[in-house]
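The structure appears below as structure tokens.
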Amino acid sequence: MTGKPPLLEIRNLRKYFEQNSNIVDMLLRREPNQVQAVDDVSLTLEENESIAVIGESGCGKTTLLLTLIGLHDITDGEIVYKGKSISEFDKPDWKRYRRNVQVVFQDPFNSLDPKMTIEETLQEPLKIHGIKNREKRVRDVLEHVELNPPEKYLHKKPRNLSGGEKQRVSIARGLILEPDIILADEPVSMLDVSTQAAVLKKMKELIEDFGVSMIYISHDLSTVSYISDTVNVMYLGRIVETAPTEQILADPKHPYTEELVSAVPIPDPSHDRQRTQMSGAPRDPVNLDEGCRFRDRCPAVIPPDDIEISQEAYREIIEFRELLQRDEVAFERVMNTIDKSYPDDRKMAKAIREDYFTHDLTGENGAVLNEALIAFANEKQDVAVKRLQERFKSICETTPPTVEDENGWCVACHHYDQNVADLQVEQPKTAQSD
Amino acid sequence: MTEPLLEAEDLTVQYETDGGMVTAVSDASFVINEGEFFGLAGESGCGKSTTAKSIIGGLDPNGQISSGTIRYRGKEIQDYTEKQFNEELRWKEIAWIPQSAMNSLDPLQTVSEQAVEIGTVHTEMSETELREQLKEMFSIVGLQESRINDYPHQFSGGMQQRAVIALALFLEPSLIIADEPTTALDVIMQDQIFKHLDEIKEKLNTSLLLITHDISVIFESCETVAIMHASQLAEYGSVDAVYANPRHPYAFMFKEAFPDVREPDRDLEVIEGYPPQLGDEIGFCSFVDRCPWATEECREAAPELEPVDDDDPRHVAGCFRKDEAYEMYQSNRLSSQSGDSTTAITSEDD
Amino acid sequence: MLTDRTTSFYFAILMFIVFLGIFGPMLAPYDVLTTHYDDNGNIMRAEPPSLEHPLGTTHAGYDVLSRVLVGAQPTVLTGLIGGAMILSIGTAIGVTAGYVGGRTETVLMRFTDFVYGVPLIPFAIVLITFMGVGFFSSIFVIGLILWRGAARVIRAQTMQVKQYPYVKVAKATGASTPRIMIKHILPNVAPMAIFFLAMGVGYAIVLQAGLTFLGVADPFVPSWGVMIRNAFDSGYMASAPWWSVTPGLLIGITVLSTFMFGRGYEDLISEDGDSVEAETVTA
Ligand SMILES: Nc1ncnc2c1ncn2[C@@H]1O[C@H](COP(=O)(O)OP(=O)(O)O)[C@@H](O)[C@H]1O
Ligand code: SF4
Ligand code: SF4
Ligand SMILES: [Mg+2]
């Protein structure tokens, strides 16, 4: 490679937490549960670029950010700043990094020290880095974020500022060291719209006029579209799609992105949007196995080639099998609905089937499902899982590779294994119809 | 279908505070029809929650309806006692979905126990009937019927919110008041919940008073929208009319402040300044300090809601310069789009 | 600086008590160990207040007012030193354990638990054998033990403050651990620390009196705590309330004023004029 290395490069970053294990686990010497908050994430941030990371709550966005600013240890992978990995940083490197990489957090109400005046808050970073001419810089930065006149704010404490003003001070603090990179975690989600617009505008200006690069983290696609050139969609710790913002909004490829885009409300009563088909929320990122993480909710999950089954019926089976594997099938609840005087495994199997399945399965498919359910009724859970796995094996149970087209559009979904550009997802389009 | 269900007329609500009287709602009038989804929008503190609470007799102890009337099915309810609200209205007629579902369910009781308790207080139904009724509502909001016997902690956040909706629905009220029901949730969860609310409307012809600061949700899910600014109703009418022909400066600026995924590059409107803190008497337009078109007149009296000249007979706006302002705004915006000036409008204010 | 009325009021009280501590002995009308006799030559045992003895007399015929005035000095010293020790040790350990975490926390908190297990009186007696009987050693003993409650609570508070984004931002900007503790944690746990200071002052005064009676300090220095103990031990507590009420009230007022002044002062330094929104008010 020639030329300058990218400003910030994240390579296969992993951040796992160990879940607290209880005394029984300890006695049995079980491995502690792994919370896979960030799993194999790669991102590149070029100079003067603004990229976004979006996803539902709990998908690992904030962990990613805290890892980037060095508040979490890295489990695996690399963060490379201007060509040097942070694991090789010496003290001066860290100092430089901490000066050049700044964060703005979501919550304007707790982002500022309530005991410090605005002036003290803004002077802190300068003092830490031994920078002179502090008073002027504080004034200048306040003017930049349009807190005018600065004198009015210098001696105030945060509690006497409105939410929008606080968030501007947070941004000012992020800017005062003239960083190369700002990491912003849902910086406007707690603000009123009018303020939201002002803060977004300000941030956009900063990117454009001051040559700052930004990683913008949010679950709100509509603000993302305003501020970032590139969007990375994250689901349960992994990036599933990366593309230029406008393209991803117009033509999302990954089934999850499609759901996400189509769920954004449009401020126009004449616009007719279909409600989401998805149900539930992402599962806990604990001890996840191989395979696509979205498969238990994916409306486009791919049935095996060699059996005859409708996509909808297949989805139910996959969903159920995931529950079974995670031991989340509500066995007792279903059992309460039947007459318990004759513990008959067929009856139980039937009750479960009625509770969890709406589509008819006939022939071999139906027979296998019944076998599995009877096994489950007899408390042979692993047999049930195995039976279902053998018959209904999806390619989605292997981790999809990330494929990239010539324009840098990346997708990780088996629908696009061959080529990003010319493959279409075979599902009823949930997307816009105007 | 277009029978008025709830009518508020010149509603004024005030709070008594250490610093004197605070007016939270000032002279607001609006009508919610049967089977109508009515959205109330505005920034925080503008009086949305206060309006809702005054309807259901849930004002904080220092708050009171100082003047005006609220009629429910033609009957005045603004002077109802706690007992009357409980016996005649709450749950059976008007139900409430609070912002935080987690705090509104009793963690020590299963959802069905809570429903039975509410049901026995407010109706004559038997326990079995009540359970059946709850099951039906569970299936409408997309929860498995058998889960009515679960404890709140057995549900995830989004499911809890749906359980609360089911609970609000289960005595088949005619009006549901939902105060920011999805603000804390992400878009997919929000969409799931509105999907269920749509179904409820279809099946039960329920009315909804939806309070939110997110106008895109209202434009999408409601028929009618009311926009409030600092205690005053700025504009109100069908979503189509208000969207196409907004007249009150706050209404059209508010609308333009929202990002729209379909136009990521559009300039967002910025409304400068802050809403004022309001004392006892409000004899002026509460938007005057933030309004680029304000004149002396706007400080001398509070504008009345007056009809806007378009297809929607209910469409009203409370601004002295409602037609001029919008025209000026439009032409300004057009010229700034063709020219290369960056801001859409500049304040004429000092 | 002290514009707030309540705060100034408690500040004035504290100043008055310090004033008593310094000048009390000079103002005392009588010697504290002079037994007074009435006209008939009888000892004035627990006489109620009169013109000569405005606060009455003790059962040994001592003048209560003089004892209160002379006793102010040791009392103020006890409160000051005891309170300061409790505050500084408790805060230092609590903040360090709470913020640094890990092994440091484990060691410090185990040590705190250990101190919790130490019974004050026997410990005092053992320690005094090394340091020698005396007024100051009795205060030190108190300070060396009573910080434990403060340490625990302040650690919990610190852990809470540590979670706030502003601490994370400071860390991400490169602030060192001591800097974060001093600039961000300490000011934010100050309200709790002030509470412990006030409680510490009170405890120190009362416990010092208790220790005095075990022979750990000189019982002839009539601090306010000692006076109450005297009254109690003499059995005249109920029949001669004037003897114990004044020192009791004074201790109470000292504790309350320390707390109120501390809180008011703390509020005052977080004050900074009106909110910006309020300035845009037109109504
Ligand atoms: N209990 C109360 N006492 C005094 N003022 C209150 C009280 N509740 C609300 N307010 C004030 O009334 C105004 C409207 O508040 P609210 O109805 O909660 O607005 P919204 O729901 O639109 O955010 C605000 O200025 C708020 O501070
Ligand atoms: S890999 Fe399979 S489960 Fe995953 S998103 Fe693609 S189709 Fe859906
Ligand atoms: S023009 Fe006057 S009445 Fe209309 S919104 Fe502006 S200030 Fe209010
Ligand atoms: Mg509200």
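The values are calculated or read from the model by the stated rules, or taken from the named source; none is laboratory data. On a predicted model such as this, the values are computed, not experimentally measured, just so you know. Here the Cβ is made from the backbone with ideal geometry for all residues, glycine too, and neighbour counts use every protein chain on show. Side chains are part of the model used for accessible areas, which takes the heavy atoms of the whole protein and leaves out ligands, DNA and RNA. Shrake-Rupley method; radii C 1.70, N 1.55, O 1.52, S 1.80 Å.
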Checklist entry - What residue among C:Pro222, C:Pro122, C:Pro191 shows peak mean-square fluctuation when chain C is described by a Gaussian network model with Cα springs under 10 Å? => result C:Pro122
Item to check | In sequence order, calculated HN-Hα J values of the range C:84-90 (Karplus, 6.51, -1.76, 1.60; Hz; x Gly/Pro) | outcome: 5, 5, 4, 4, 6, 5, x
Checklist entry - Scattering from the C-alpha atoms of the range B:6-222 alone, worked out with Debye: what is log10 I(q)/I(0) at q = 0.08, 0.11 1/Å? => result -0.28, -0.53
Checklist outcome for this item: Rounded to the nearest Å, the spacing of the alpha-carbon centers of the range B:256-325 and the range B:209-254 is 11 Å
Checklist entry - Can you give the accessible area of A:Lys4 in Å² (nearest 10), computed on protein heavy atoms with a 1.4 Å probe? => result 150 Å²
Checklist outcome for this item: At 37 °C and 0.692 mPa s, the Stokes-Einstein diffusion coefficient in µm²/s for the range B:165-208, with hydrodynamic radius from the Kirkwood sum on alpha carbon pairs, is 300 µm²/s
Item to check | the range B:249-338 - convex hull of the alpha-carbon atoms, volume per residue in Å³ | outcome: 134 Å³
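When only the heavy atoms of the protein chains count and the probe is 1.4 Å, how do A:Tyr256, B:Tyr151 rank by accessible area, highest first? Please report the intermediate quantities before stating the final value.
Working: A:Tyr256 0, B:Tyr151 85 Å².
So the residues, ranked largest to smallest area, are B:Tyr151, A:Tyr256.
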Checklist entry - Rounded if a/c is under 1.5, else prolate if a/b beats b/c, else oblate: with a ≥ b ≥ c from the C-alpha gyration tensor eigenvalues square-rooted, which is the range A:346-393? => result oblate
Checklist entry - Of the cross-linked pairs B:Lys53/B:Lys75; B:Lys48/B:Lys255; A:Lys132/A:Lys156; A:Lys84/C:Lys168; A:Lys91/A:Lys201, which ones have a Cα-Cα span greater than 27 Å in the structure shown? => result A:Lys91/A:Lys201
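Could you check how much of the accessible area of the range B:67-153 is carbon and sulfur, as a whole percent, using a 1.4 Å probe?
Numbers: 2220 of 4560 Å².
With neighbouring chains kept in place, the figure for the range B:67-153 is 49 percent.
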Checklist entry - How far is helix A:91-100 tilted off the main Cα axis of chain A, in degrees rounded to 10, range 0 to 90? => result 90 degrees
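Dividing the Cα convex hull volume of chain C by residue count, how many Å³ per residue is that?
Numbers: hull volume 50.5 nm³, N = 283.
Here the figure is 179 Å³ per residue.
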Checklist entry - Of the residues B:Lys135, B:Lys255, B:Lys75, which exhibits the maximal mean-square fluctuation in a Gaussian network model of chain B defined by a 10 Å Cα contact cut-off? => result B:Lys75
Next on the checklist: Please report the spacing between the Cα centers of the range A:48-102 and the range A:263-329 in Å, no decimals.
Outcome noted: 31 Å
Checklist entry - B:Leu40's amide H: which non-local residues (gap 5+, or another chain) put their own amide H closer than 5 Å, with H modeled 1.01 Å from N in plane and none for Pro or chain starts? => result B:Leu210, B:Ile211, B:Thr212, B:Ala226
Checklist entry - Gaussian network model of chain A, Cα springs within a sub-10 Å range: biggest mean-square fluctuation belongs to which of A:Glu205, A:Glu31, A:Glu120? => result A:Glu31
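Work out, in µm²/s and without decimals, the Stokes-Einstein translational diffusion coefficient of the range C:105-195 at 25 °C, 0.890 mPa s, Rh from Kirkwood over C-alpha pairs. Write out the running numbers ahead of the final one.
On the way: Rh = 15.3 Å.
Result for D is 160 µm²/s.
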Next on the checklist: List the lysines whose Cα sits under 26 Å from the Cα of A:Lys350, skipping any in the same chain fewer than 8 residues away.
Outcome noted: A:Lys340, A:Lys380, A:Lys386, A:Lys393, B:Lys135
Checklist entry - How big is Rg to Rh over the range A:311-393, alpha-carbon atoms, Rh as the Kirkwood inverse-mean-distance radius? => result 0.93
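Could you please tell me the mean projected area of the C-alpha convex hull for the range A:8-228, averaged over all directions and given in square nanometres to one decimal? Walk me through the intermediate numbers first.
Details: hull surface 55.8 nm².
Taking a quarter of the hull surface, the average projection is 14.0 nm².
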Checklist outcome for this item: Here the relative contact order (percent) of chain B, from C-alpha pairs under 8 Å and at least 6 apart, is 19 percent
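Where Rh denotes the Kirkwood radius from the mean inverse Cα pair distance, what is Rg over Rh for chain A?
Working: Rg = 25.5 Å, Rh = 24.5 Å.
Looking at chain A, the ratio lands at 1.04.
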Checklist entry - Which whole-Hz ³J(HN,Hα) couplings does the range B:289-297 yield from phi under the Karplus relation 6.51 cos²θ - 1.76 cosθ + 1.60, θ = phi - 60°, glycine and proline marked x? => result 6, 10, 8, x, 10, 5, 10, 4, 3
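Counting pairs of alpha carbon atoms under 8 Å apart in space and at least six apart in sequence, what relative contact order in percent does chain C give?
Values: 399 pairs, mean separation 70.2, N = 283.
The value is 25 percent.
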Item to check | Taking the convex hull of Cα positions in the protein assembly as shown, its mean projected area over all directions (nm²) | outcome: 55.4 nm²
Checklist outcome for this item: Check: C-alpha center the range C:154-188 vs C-alpha center the range A:149-171, spacing in Å is 20 Å
Checklist entry - Counting only heavy atoms of protein chains, what accessible area per residue, in Å², does the range A:311-393 have with a probe of 1.4 Å? => result 55 Å²
Item to check | Relative contact order of chain A, defined on C-alpha pairs under 8 angstrom at six or more residues apart (%) | outcome: 16 percent
Next on the checklist: Heavy atoms of the protein only, probe of 1.4 Å, neighbouring chains included. What is the accessible area of B:Thr2 in Å², nearest 10?
Outcome noted: 110 Å²
Item to check | Protein accessible surface hidden between A and B, which excludes ligands and nucleic acids, total in Å², probe 1.4 Å | outcome: 4000 Å²
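How compact is the range B:171-234 by the rule of thumb for globular proteins, expressed as Cα Rg over 2.2 N^0.38 Å? Working shown, then result.
On the way: Rg = 12.4 Å, N = 64, 2.2 N^0.38 = 10.7 Å.
Working it through for the range B:171-234, the quotient is 1.16.
Roughly what % of DSSP beta bridges within chain B run antiparallel, to the nearest 5?
Values: 30 of 49 bridges.
Here the antiparallel bridges make up roughly 60 percent for chain B.
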Next on the checklist: Using a 10 Å cut-off around each Cβ of peptide B:270-279, what is the average number of partner chain Cβ atoms that fall inside?
Outcome noted: 6
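If you take the accessible area of C alone, add that of A alone, and subtract the area of the pair, what total do you get in Å², probe 1.4 Å, to the nearest 100? Display every interim value, and only then the final one.
Values: alone 14880 and 22010 Å², together 34350 Å².
For C against A, buried area totals roughly 2500 Å².
Of all beta bridges DSSP finds with both residues in the protein assembly as shown, what is the antiparallel percent, to the nearest 5? Walk me through the numbers on the way to the answer.
Numbers: 59 of 96 bridges.
If we restrict to bridges inside the protein assembly as shown, about 60 percent are antiparallel.
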